[in-house]
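The values are calculated or read from the model by the stated rules, or taken from the named source; none is laboratory data. Just so we're clear, the structure is a prediction, and the values are computed from it rather than from any experiment. No Cβ is skipped: glycine too gets one built from the backbone with ideal geometry, and neighbour counts run over all protein chains shown. Quick note on the areas: whole protein, heavy atoms, side chains included, nothing else; ligands and nucleic acids left out. Shrake-Rupley method; radii C 1.70, N 1.55, O 1.52, S 1.80 Å.
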Amino acid sequence: MSDAARVWFRFLRLETRIRIAVSNRLKAVGLSIAQCDVLTTLTEREGLSQQDLAERLYVTKGNISGLIDRLAAAGLVERRSLASDRRSHAIFLTPAGRAAAQKGIEAQQGFVSETLGRMPPKDLEEFERLILASRDLVRSAEGEGQVEAARARK
């Protein structure tokens, strides 16, 4: 196995462990990761359409629609018709949704404090540099993959 493959599999296992740990913390406050993602995104900018939320969270419009249905049924968000397009809705937090988002944020901040927050500042800075470099490599590969897919369609 190459060094890159070994690191790749360690990275995937780490991501899984992080997701499980965060999921367990969020379950303790009554949220799933997906619900928390929507709620915390809305704390940054309310009034987004379902399409905008889907794009920001890298999910399909169908996935976000069902999630918003469940959050609305739980009284955490509300849909408001857009004056410009009555078929579309803007999504807003309710007071209960804002409180749930805050609990989710606190749960995640606690996890970050107990993990990355314990890294020496120099290591954390290097870790961030490596993450950003990796992100750029993935973006580049995505672009190359899109070009190849377009060529294959011709």
Next on the checklist: Can you order the peptides 95-107, 1-13 by their average number of other Cβ atoms within 10 Å per residue, highest first?
Outcome noted: 95-107, 1-13
Item to check | Backbone N within the stretch 59-100 under 14 Å of label point (7 Å from Glu44 Cα along the Cβ vector) | outcome: 59
Next on the checklist: Considering only protein heavy atoms and a probe of 1.4 Å, how much of the accessible area of the chain is carbon and sulfur, as a whole percent?
Outcome noted: 55 percent
Item to check | Mean ellipticity per residue at 222 nm, deg cm²/dmol - from DSSP H runs of n ≥ 4 across the chain, formula -39500 (n - 2.57) | outcome: -25000 deg cm²/dmol
Next on the checklist: Can you give me the accessible area per residue for the chain, using a 1.4 Å probe, in Å²?
Outcome noted: 71 Å²
Checklist entry - Of the peptides 58-66, 28-36, 116-124, how do they stack up when ordered by the mean number of other Cβ atoms within 10 Å, highest first? => result 28-36, 58-66, 116-124
Next on the checklist: Under the rule a/c < 1.5 gives rounded, and otherwise a/b versus b/c splits prolate from oblate, where does the stretch 5-60 land using the Cα gyration tensor?
Outcome noted: oblate
Checklist entry - Across 10 Å bins from 0, what is the distribution of all Cα-Cα pair distances for the stretch 12-154, in whole percents? => result 10, 29, 30, 23, 7, 0
Next on the checklist: List the residues, sorted by chain then number, that are 5 or more residues from Val77 or on another chain and whose placed amide H is less than 5 Å from its amide H.
Outcome noted: Ala72, Thr94
Checklist entry - By how many nm would the segment from Glu15 to Ser84 lengthen if fully extended, with 0.36 nm per residue of separation less the alpha-carbon distance? => result 20.8 nm
Checklist outcome for this item: Inter-part gap, Cα centre of the stretch 30-60 to Cα centre of the stretch 80-141, in whole angstrom, is 10 Å
Checklist entry - Tell me, in nm to one decimal, what length is gained between Ala99 and Arg135 on full extension, where the rule is 0.36 nm per residue of separation less the Cα-Cα distance? => result 9.7 nm
Checklist outcome for this item: For the pair Gln109 and Arg56, the simple spin-label estimate (label points 7 Å beyond Cα toward Cβ) gives in nm 1.9 nm
